[in-house]
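> Here it is, the structure in full.
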Amino acid sequence: MKTQALLLALASLRLAAPALSAASGHACCDAAPAAAAPLSDRSLYQLDAIWTDDTGAAVKLAELRGRPVVLAMFFASCTYACPILVHDLQAIRDALPAETRARTKFVLVSFDSDRDTAAALHAYRGKLQLDAGWTLLRGADADIQELAMLLGVKYRRDANGDFSHSNLVTILNAQGEIALQREGLRGETGPAVRAIALAAP
């Protein structure tokens, strides 16, 4: 029931929220500000799923509460779209003022529950030199499907075990509500930077 309510709320939110196309240390919640206000029915932080980060620690999305979050879904063995997608997130991060960058968490959630173990994600972190501002998560197939559905991310596994998928960057405000979504690769950073500034508590 909670997922169904979230789906309805997020569907209505997407009609009103900005959307852009490309054409036009690992602690999850270090120093997060306290946030006591009740979560709205549009907040992804109502999800009960427990994820695992690249250190093997259990994480709930609600632990990200109190800060802007830039989130994308990917898989570590991807050789084309995902490296570009992560590069896009790095470009957004680099364009943020230092104070905003320090408050913003960048989150990568894997589609690949088989191959993207905590160790594989940790190796990916090292390969791309992702610092403590990044959180890399893996989860159960049902939780991956639920999150993808709520974000509007489409994905499909092929015969080789790889994935075709949407390339969607989602910016969440401090309460876990979608502030902006950008579809496609190599998009402009300006709208995302502005959305993050507005999403900051």
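The values are calculated or read from the model by the stated rules, or taken from the named source; none is laboratory data. Nothing here was measured: the structure is a model prediction, and the numbers come from that model. Ideal geometry is used to build each Cβ from the backbone, glycine not excepted, and the neighbour counts take in all protein chains shown.
Yes or no, residue by residue, for (1) assigned to a helix (DSSP H, G or I); (2) among the aromatic types (Phe, Trp, Tyr):
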site: Arg101; (1), (2): yes, no
site: Val109; (1), (2): no, no
site: Ser113; (1), (2): no, no
site: Tyr124; (1), (2): yes, yes
site: Asp131; (1), (2): no, no
site: Asn160; (1), (2): no, no
site: Ala174; (1), (2): no, no
site: Leu180; (1), (2): no, no
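> Shifting gears a bit: Is it the case that some residue within the stretch 32-42 is out of contact with any His (no Cβ under 9 Å at 6 or more places or on another chain), closer than 18 Å to Val107 by Cβ, at pLDDT 55 or above and surrounded by fewer than 18 Cβ atoms within 10 Å (Cβ to Cβ)?
Yes, the stretch 32-42 contains at least one residue that is out of contact with any His (no Cβ under 9 Å at 6 or more places or on another chain), closer than 18 Å to Val107 by Cβ, at pLDDT 55 or above and surrounded by fewer than 18 Cβ atoms within 10 Å (Cβ to Cβ).
> Also, I was wondering about something else. Return yes or no: is Gly187 assigned to a loop (DSSP other than H, G, I, E, B), closer than 19 Å to Ile50 by Cβ and not aliphatic (A, V, I, L, M)?
It is false that Gly187 is assigned to a loop (DSSP other than H, G, I, E, B), closer than 19 Å to Ile50 by Cβ and not aliphatic (A, V, I, L, M).
> Could you list, in sequence order, the residues of the stretch 143-158 that are touching a helix residue (DSSP H, G or I) at 6+ places or on another chain (Cβ under 7 Å) and either modelled with pLDDT under 95 or in a loop (DSSP other than H, G, I, E, B) (or both)?
Hits for the stretch 143-158 are Gly152, Tyr155.
> Which number in (1) loosely packed, with under 14 Cβ neighbours inside 10 Å; (2) modelled with pLDDT under 95; (3) not acidic (Asp, Glu) marks the one condition that Gly126 misses?
Tallying (1) loosely packed, with under 14 Cβ neighbours inside 10 Å; (2) modelled with pLDDT under 95; (3) not acidic (Asp, Glu), Gly126 fails exactly one: (2).
> Of the conditions (1) in contact with a strand residue (DSSP E or B) (Cβ under 6 Å, 6 or more places away or on another chain); (2) at pLDDT below 95, Asn167 clears all except one; give me its number.
So the condition that Asn167 fails would be (1).
> Here is a follow-up. Can you tell me which residues in the stretch 136-168 are of a type in the set (A, V, I, L, M, F, W, C) and surrounded by fewer than 17 Cβ atoms within 10 Å (Cβ to Cβ)?
Ala140, Ala142, Met149, Ala159, listed by residue number.
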